[in-house]
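Below: one structure, written as structure tokens.
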Amino acid sequence: MPGTELFGSEERKEINDVLETGILFRYGHDQQRNGIWKTKEFEAEVRKITGAKYAHAVSNGSAAIAAALAASGVGAGDEVIVPPFTFIASVEAVLFVGATPVFAEIDETLDLSAEGIKAAITPKTKAVCLVHMCGGMADMDSIMAVVKEHNLILVEDAGQAFAASYKGTYTGLFGTAGSYSFDFFKIATAGEGGIIVTNDEQVYKHADTYTDHGHNHEGTNRGMEPHPILGFNYRISELHAAVALAQTRKVPQIMAANRKNKALLVEILSQVEGVSFATLPDPNGDSATFLNMFLPDTATAKRVVEEFNKNGVTGFNYWYTNMYHFINQWDHLHQLRTVSKLPVQNAEHQDYGHLHLPKTQEVVGRLISFGIRCTWTEDEVRTLANNIAKAVKAAIGEPATV
């Protein structure tokens, strides 16, 4: 993924700044820091890119989702509508704040649809955890209409869509709070790291306090700070924030290269019979971290994957059989297995082991995604496109020449 391609002197400089002070903790120790506050700089850089009023960095993207939900007022007894196509952390976050996930249909955007959300609403529905999958964005006009009509809280997991936008508003900023991930497989990486964004001052204050054992960060003596609420330790370290800062500054450069490479792939593959692409409600806001390609049906997609494997084509995800991103393989979730008893059971009207989501099954079954690399040469892009085209033509029984 792009972040991992561009490690260099910028990251080393930011890390060395921290090591020279010896202060790896994000709070306090003002005198020893010599003005070095990497977490604050990282948060400022995210605000600069997204236009968010507030940004609060945490230990990882999963913590960011959980804290965004909690800070927005979601908890025990609430139902939260979630997608069945997402990294499992989105669902785990709902469970571990004590709420109950309710699964709804996605559409060709790869995200929850307005129709899917509406069909899943019950009297207990408190919120929607909307996940912007694979670098793009959901159809926010139609979704916001449903959210407002039913007075729901919207929390966005934009872990795979940092710097993506919809009609000028960045993912993560449509609802009460949003979250981004900076783990090893994102457009910018800190190895581990996450950030919560919001335009609501009270939500920001809740997140700031909740993610540091309830500290309200008032005053200069950390040991004597008031604890207005219970919280937990979701703090990011200054070392992770230092790497995230350097990486985030590179995002405009990465996106420009991604978009160029993706455009060439789409141009070539658009001429291949049987290939189409995921819907982008705002193509101008695409972060272009993935090429999301549809085949005519699940059987064809499986044959294409077989052709890829047979011919050494790498760098793709067939999500339908992926262990972490699609509900079909989530046996631990189907049975709610963990090391201790969860505070929730299956949703009253859903059996997690026998969900009926035909639209989602159809969409994910015919979807294959390729991660876009910002360091590809034009020749590498054309070679990949030709290899994809050959595999598709072989799978549908056409001559393999391109």
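The values are calculated or read from the model by the stated rules, or taken from the named source; none is laboratory data. Bear in mind that the values here come from a model prediction, so they are computed numbers and not experimental data. Here the Cβ is made from the backbone with ideal geometry for all residues, glycine too, and neighbour counts use every protein chain on show. These accessible areas exclude ligands, DNA and RNA; they are computed on the full protein's heavy atoms, side chains included. Shrake-Rupley method; radii C 1.70, N 1.55, O 1.52, S 1.80 Å.
Some points to look at:
- Paired Rg and Dmax values of the stretch 140-234, which use every Cα atom, in angstrom: 15.8, 48
- Restriction of the trypsin sites (Lys or Arg not before Pro) in the stretch 243-308 to DSSP coil positions whose beta-carbon has at most 14 other beta-carbons within 10 angstrom yields no sites.
- Estimated FRET transfer efficiency (LYS40, ALA256; beta-carbon r; R0 22 Å; 0.05): 0.20
- Computed [θ] at 222 nm, helices only, for the chain once each DSSP H run of length n ≥ 4 contributes -39500 (n - 2.57): -11500 deg cm²/dmol
- Net +/- balance of residues flanking GLU5 in space, Cβ distance below 11 Å, scoring K and R +1, D and E -1: +2
- Stretching the chain fully between GLN271 and GLU149 yields a gain of 39.8 nm (0.36 nm per residue, less the alpha carbon separation).
- Per-residue ³J(HN,Hα) for the stretch 218-235, Karplus 6.51 cos²θ - 1.76 cosθ + 1.60, θ = phi - 60°, Hz, x for Gly and Pro: 9, x, 10, 9, 4, x, 10, 5, x, 10, x, 9, 6, x, 8, 9, 10, 5
- Relative contact order [Cα under 8 Å, 6+ residues apart], the stretch 1-120, whole percent: 15
- Dipole magnitude for the stretch 11-101: about 260 debye, using +1 per Lys or Arg Cβ and -1 per Asp or Glu Cβ, origin at the Cα centre.
- Förster radius 51 Å - calculated FRET efficiency between GLU348 and PHE7, Cβ distance, rounded to 0.05: 0.60
- Relative to the current alpha-carbon distance between VAL339 and GLN202, full extension at 0.36 nm per residue lengthens the span by 45.9 nm.
- Entry note, the chain: relative contact order of 21 percent, from Cα contacts under 8 Å with a spacing of 6+ residues.
- Straightening the chain between LYS359 and ASN216 buys 47.0 nm, computed as 0.36 nm per residue apart minus the Cα-Cα spacing.
- The residues of the chain expose on average 42 square angstrom of accessible surface per residue, using a 1.4 Å probe on protein heavy atoms.
- Charge dipole (the stretch 1-46, unit charges on Cβ, about Cα centre) - positive-most of PHE42, THR21, PHE7: THR21
- Charges were assigned to the Cβ only: +1 to each Lys and Arg, -1 to each Asp and Glu. The resulting dipole of the stretch 281-381 about its Cα centre is roughly 400 debye.
- Taking the 1.4 Å solvent-accessible surface of the chain as the whole, the part contributed by carbon and sulfur is 51%.
- Positive-end extreme of charge dipole, the stretch 38-177 - chosen from TYR54, LEU154, MET144 (charges on Cβ): TYR54
- Shape category assigned to the stretch 29-172 from the gyration tensor of Cα positions, a/c cut at 1.5: prolate
- The accessible area of TRP319, taken with all protein chains in place and a 1.4 Å probe, comes to roughly 10 Å².
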